[in-house]
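Data block below; observations after.
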Amino acid sequence: MTGDARTATLALLAKRRADQTICPSEVARALAPANWRAAMPRVHFAVDALLSEGAITLCWKGRPLPARAGPYRIARCPACQIAAPPIIAEPTSLRSE
């Protein structure tokens, strides 16, 4: 996978279940497999931008993080994970009066 860190982050998240997270190093490895550590600043910059936009959330060991600090995992934003249940109208013939 080549391209910018923002696109790579969102693409990796899209490949996972909604309740799964990714490690920032996975994004860096997707950008620069041979020299992924050098790509980490780009990943951190993209993560900060996506977080400020509300496109992702950060967590560590199941606990939400308000900002990137220390080790962290990247998750889809909670609003993106929660799908509203479908509204099913009750047929008029079954309604009680």
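All of the numbers you see were taken from the coordinates with simple rules; none came from a lab. If you're wondering where the values come from, they're calculated on a predicted model, not measured in any experiment. Counting neighbours? That spans all protein chains shown, and the Cβs are built from the backbone with ideal geometry, glycine included.
Paramagnetic label reach from C59 (point 7 Å along Cα→Cβ; backbone nitrogen cut-off under 17 Å): within segment 4-28, residues 13-24. Modelled this way, with points 7 Å down the Cα-to-C-beta line, the labels at A49 and A32 are 1.7 nm from one another. Taking label points 7 Å from Cα along the Cα-to-Cβ direction, R16 and A69 give a separation of 2.2 nm.
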